[in-house]
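Asks: Encoded as structure tokens, here's the structure I'll be asking about.
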Amino acid sequence: MSNLILGVGEFGASKTPGDIVKTFALGSCVAVIFMCPKTRTVGMVHVALPESKINPDKVKTRPGYFADTGIPALLKLMAGMGCDPKGRGFIVKLAGGAKIMDPNNTFNIGKRNALSIKKVLWKYGLGSVAEDLGATHSRTVSVAVSTGEIILSSPGRSDWKL
Amino acid sequence: MKQRATKEEILAAIKKVPLLSPSASRLLELTASSDHKLSEVIDIVRCDAALTARVLKIVNSVAYGLVHEVSTVDRAVGYLGERMIAGIALEDSAAALFHKELKGYNGPKSELWNHDLRTAIASREIAKHAKQPINQDLAFTAGILHAVGKAVLSDFLTQSANEVLAEIDDNEVTDYLAGERNLVGLDHTEAGYELAKSWELPDSLAAAIRYHHNPADTPEEHRLLVYAVHLGCIVAMMCGSQSSDSLQYHLDKNYTQYYDLTSEQLAMVMLEVNEMFDTLQSAMTDTKGK
């Protein structure tokens with residue numbers, strides 16, 4: 001059993017029972033979680049920004065950074081592990097996309113991240129079955145590969161399931 | 001309910017916080033003035049053997065990836081820039097504060113430093129979008145210092161995070177600052193300001209510490225700087241923070257009087273923060289204790 005820790009803009013997947021796929025302290029970033037029931041593989045990408053067009057160079061070194069390049073990169077990785085290359089049959093869940101207290105939503109990158117992610121998912125015919133998005137708290141996400149159970153935590157709050 | 005410390009007890013504790021090193025104090029004073037020369041920064045580093053060693057280790061660290069070794073202080077300072085020199089001196093001088101576990105905010109060790117470093121980078125990047133001339137290096141230094149009050153207040157706020165967050169969720173208080181004041185009579189910006197006075201920090205840096213969550217209250221002469229730190233702190237929280245107060249503050253929409261910042265530029269700032277943070281943190285961590 002080991003932890004697969006994903007930093008900002010990183011993606012990864014595991015099919016080893018007992019592994020935990022984890023990312024820490026999502027602020028406006030969003031974790032896209034893919035579960036492939038057929039191969040019992042869990043994948044996650046820590047998306048920081050909605051679109052790669054602001055810095056195409058970054059895509060070469062860290063495609064997971066952006067929604068439009070991170071999701072295809074994760075699908076490709078999971079395809080190499082025996083999953084469907086277009087994610088058919090995947091269970092998709094989303095967490096993160098928090099914001100600062102701002103009624104005008106000026107700084108709401110989290111919302112833009114979530115919208116961009118959904119747009120990319122739709123292109124693959126995918127949609128999330130569960131989400132914990134928005135609000136004003138950071139989130140740490142842990143996914144148990146054996147069970148697919150997703151635990152969310154935030155400093156000062158009780159853990160909750162997605 | 002747990003018996004909390006009084007404001008007087010906290011103020012007494014602030015007076016006991018060790019002073020900054022002479023090098024750190026002098027660097028802060030110097031870099032806050034508008035008419036200093038880089039050679040003066042170099043002279044301060046040269047006169048401090050420990051600081052010299054640390055600066056050289058950092059500039060030659062793997063994270064910076066320089067082909068040729070830098071062996072002189074003037075080249076190292078020229079390469080790193082005075083903002084980094086001030087940051088290194090501050091971190092070395094007050095490591096016990098910056099890297100302590102933030103028990104009162106359920107934050108792990110170094111959480112304060114990580115947030116401060118992200119804020120510093122973000123504040124400097126935001127300063128590039130100012131409508132008036134601003135010292136970008138000073139915005140970086142102000143970012144490093146802005147939340148230092150949390151290091152002091154944390155010890156008096158243990159096991160309070162769920163209580164404060166519940167008050168915010170129930171609209172009993174407007175933000176985390178108000179929650180802090182409810183519990184112990186002062187908030188972390190006020191505690192930080194008291195520490196700034198004890199450390200005799202320049203007025204501009206003290207203003208950034210005191211008003212970074214309420215920039216409109218800043219004296220006019222420091223408002224441009226403080227709005228940069230206000231936005232920088234918010235960007236740092238958006239980039240991720242393991243502290244109970246993360247994102248529990250308000251954005252002051254009047255920043256638009258001082259800064260032009262489109263949503264695309266904001267995204268670019270966040271990108272730069274994440275990239276630079278990895279580089280700086282790696283350089284500063286890898287060179288400790290060697």
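Asks: Can you pull out the helices (runs of 4 or more DSSP H) entirely within segment B:1-117 that have at least 2 residues that are touching a Ser or Thr at 6+ places or on another chain (Cβ under 9 Å) and open to solvent by 10 Å² or more (accessible area, probe 1.4 Å)?
Replies: Values: elements: B:7-15, B:22-32, B:38-46, B:49-59, B:73-80, B:82-93, B:95-98.
Helices (runs of 4 or more DSSP H) meeting the threshold: B:22-32, B:38-46, B:49-59, B:73-80, B:82-93.
Asks: Then there's this: Would you pick out the residues in segment A:142-161 that are of a type in the set (A, V, I, L, M) and touching a residue at least 40 places away in the same chain (Cβ under 8 Å)? Working first, answer last.
Replies: The first filter runs over segment A:142-161 and keeps only residues of a type in the set (A, V, I, L, M), leaving A:143-145, A:150-152.
A:Val143, A:Ala144, A:Val145, A:Ile150, A:Leu152 - these are the residues of segment A:142-161 that are of a type in the set (A, V, I, L, M) and touching a residue at least 40 places away in the same chain (Cβ under 8 Å).
Asks: Looking only at segment B:236-247, which residues are in a helix (DSSP H, G or I) and at the interface with another protein chain (Cβ under 8 Å from one of its Cβ atoms)?
Replies: Step one: of segment B:236-247, the residues in a helix (DSSP H, G or I) are B:236-238.
Across segment B:236-247, the qualifying residues are B:Met237, B:Met238.
Asks: Give segment B:248-266 a look and list any residue that's more than 9 Å from every other protein chain (Cβ to nearest Cβ) and open to solvent by 80 Å² or more (accessible area, probe 1.4 Å), or say none.
Replies: Passing the criteria: B:Gln257, B:Asp260.
Asks: Kindly indicate whether any position in segment B:220-229 is in a helix (DSSP H, G or I), more than 9 Å from chain A (Cβ to nearest Cβ), of a type in the set (Val, Ile, Thr) and within 13 Å of the chain's Cα centre (by Cα). Please lay out each step first, then the result.
Replies: As a first pass, look at segment B:220-229 and keep what is in a helix (DSSP H, G or I): B:220-229.
Remaining after also requiring more than 9 Å from chain A (Cβ to nearest Cβ): B:220-229.
Among the residues that remain, those that are also of a type in the set (Val, Ile, Thr) are: B:226, B:229.
This time we only want the ones that are within 13 Å of the chain's Cα centre (by Cα), so: B:226, B:229.
Yes; the residues of segment B:220-229 include at least one that is in a helix (DSSP H, G or I), more than 9 Å from chain A (Cβ to nearest Cβ), of a type in the set (Val, Ile, Thr) and within 13 Å of the chain's Cα centre (by Cα).
Asks: Additional query: Can you find a residue in segment B:218-241 that is more than 20 Å from B:Tyr259 (Cβ to Cβ) and either open to solvent by 10 Å² or more (accessible area, probe 1.4 Å) or not aliphatic (A, V, I, L, M) (or both)?
Replies: The initial filter retains those residues of segment B:218-241 that are more than 20 Å from B:Tyr259 (Cβ to Cβ), namely B:240-241.
From what is left, the residues that are either open to solvent by 10 Å² or more (accessible area, probe 1.4 Å) or not aliphatic (A, V, I, L, M) (or both) are B:240-241.
Yes, segment B:218-241 has at least one match.
Asks: Let me ask something else about it. Identify the single condition in (1) hydroxyl-bearing (Ser, Thr, Tyr); (2) within 14 Å of chain B (Cβ to nearest Cβ); (3) more than 10 Å from the chain's Cα centre (by Cα) that A:Thr41 does not satisfy, given that it satisfies every other one.
Replies: Looking at each condition in turn, A:Thr41 falls short on (2).
Asks: Restricting attention to segment B:180-196, does a residue exist that is modelled with pLDDT of 95 or more, open to solvent by 20 Å² or more (accessible area, probe 1.4 Å) and farther than 20 Å from B:Tyr249 by Cα?
Replies: Yes, some residue in segment B:180-196 is modelled with pLDDT of 95 or more, open to solvent by 20 Å² or more (accessible area, probe 1.4 Å) and farther than 20 Å from B:Tyr249 by Cα.
Asks: Could you list, in sequence order, the residues of segment A:56-69 that are at the interface with chain B (Cβ under 10 Å from one of its Cβ atoms) and in contact with a helix residue (DSSP H, G or I) (Cβ under 6 Å, 6 or more places away or on another chain)?
Replies: Taking segment A:56-69 as the starting set, the residues that turn out to be at the interface with chain B (Cβ under 10 Å from one of its Cβ atoms) are A:58, A:61-62, A:65-66.
Answer for segment A:56-69, where residues must be at the interface with chain B (Cβ under 10 Å from one of its Cβ atoms) and in contact with a helix residue (DSSP H, G or I) (Cβ under 6 Å, 6 or more places away or on another chain): A:Lys58, A:Tyr65, A:Phe66.
Asks: May I ask you to list the residues in segment B:177-205 that are closer than 21 Å to B:Glu221 by Cβ and not in a helix (DSSP H, G or I)?
Replies: Result: B:Trp199, B:Glu200, B:Leu201, B:Pro202.
Asks: Restricting attention to segment B:154-176, and to residues there that are assigned to a helix (DSSP H, G or I) and more than 22 Å from B:Pro108 (Cα to Cα), which single residue is least open to solvent (accessible area, probe 1.4 Å)? Please lay out each step first, then the result.
Replies: Within segment B:154-176, the subset assigned to a helix (DSSP H, G or I) is B:154-156, B:161-169, B:176.
Checking the rest, the ones that are also more than 22 Å from B:Pro108 (Cα to Cα) come to B:167-169.
On the way: B:Glu167: 33, B:Ile168: 15, B:Asp169: 84 Å².
This residue is B:Ile168.
Asks: Can I ask one more? Please work out which residue is nearest to the other protein chains (Cβ to nearest Cβ), limiting yourself to segment A:7-24 and to residues that are open to solvent by 10 Å² or more (accessible area, probe 1.4 Å) and of a type in the set (A, V, I, L, M).
Replies: Checked segment A:7-24; the qualifying residue nearest to the other protein chains (Cβ to nearest Cβ) is A:Val8.
Asks: Moving on to the next point. Could you grab me the full set of residues in segment A:112-141 that are outside any helix (DSSP H, G or I) and in contact (Cβ under 8 Å) with a residue 40 or more places away in the chain? Steps first, answer last, please.
Replies: At the first step, the residues of segment A:112-141 found to be outside any helix (DSSP H, G or I) are A:124-141.
If the condition is that a residue be outside any helix (DSSP H, G or I) and in contact (Cβ under 8 Å) with a residue 40 or more places away in the chain, then A:Tyr124, A:Leu133, A:Ser138, A:Arg139, A:Thr140, A:Val141 are the ones that fit.
Asks: Still on this structure, please answer the following. Just checking, how many residues over segment A:92-133 are closer than 15 Å to B:Gln248 by Cα, of a type outside the set (Phe, Trp, Tyr) and over 14 Å from the mean Cα position of the chain (by Cα)?
Replies: Final tally of qualifying residues: 7.
Asks: Which one of the conditions (1) within 17 Å of the chain's Cα centre (by Cα); (2) open to solvent by less than 50 Å² (accessible area, probe 1.4 Å); (3) over 22 Å from A:Glu10 (Cβ atoms) does A:Ile150 fail to meet, given that it meets all the rest?
Replies: Evaluating A:Ile150 over (1) within 17 Å of the chain's Cα centre (by Cα); (2) open to solvent by less than 50 Å² (accessible area, probe 1.4 Å); (3) over 22 Å from A:Glu10 (Cβ atoms) leaves (3) as the failure.
Asks: Please enumerate the residues belonging to segment B:97-127 that are touching a residue at least 40 places away in the same chain (Cβ under 8 Å) and small (Gly, Ala, Ser).
Replies: B:Gly104, B:Gly107, B:Ala120, B:Ala122, B:Ser123, B:Ala127
Asks: Here is a further query. I'd like to know if segment A:91-105 contains one or more residues that are open to solvent by 20 Å² or more (accessible area, probe 1.4 Å), away from chain B (no Cβ under 12 Å), out of contact with any Ser or Thr (no Cβ under 9 Å at 6 or more places or on another chain) and of a type in the set (Lys, Arg).
Replies: No, there is no match, as no residue in segment A:91-105 is open to solvent by 20 Å² or more (accessible area, probe 1.4 Å), away from chain B (no Cβ under 12 Å), out of contact with any Ser or Thr (no Cβ under 9 Å at 6 or more places or on another chain) and of a type in the set (Lys, Arg).
Asks: For segment B:157-174, what are the residues that are at the interface with chain A (Cβ under 10 Å from one of its Cβ atoms) and in contact with a helix residue (DSSP H, G or I) (Cβ under 7 Å, 6 or more places away or on another chain)?
Replies: B:Ser160, B:Ala161, B:Val164, B:Ile168
Asks: Could I ask something else about it? If you go through segment A:70-90, how many residues are closer than 11 Å to A:Val47 by Cβ and either in contact with a Leu (Cβ under 7 Å, 6 or more places away or on another chain) or buried (at least 22 other Cβ atoms within 10 Å of the Cβ) (or both)?
Replies: Here is the first cut: in segment A:70-90, the residues closer than 11 Å to A:Val47 by Cβ are A:70-71, A:73-74.
Checking the rest, the ones that are also either in contact with a Leu (Cβ under 7 Å, 6 or more places away or on another chain) or buried (at least 22 other Cβ atoms within 10 Å of the Cβ) (or both) come to A:70-71, A:74.
Here the count works out to 3.
The values are calculated or read from the model by the stated rules, or taken from the named source; none is laboratory data. What you are looking at is a predicted structure, and each value in this text was computed from that prediction instead of being measured. With ideal geometry, Cβ positions are generated from the backbone for all residues, glycine too; neighbour counts draw on all protein chains shown. For accessibility, only protein heavy atoms count, side chains too; no ligands or nucleic acids. Shrake-Rupley method; radii C 1.70, N 1.55, O 1.52, S 1.80 Å.
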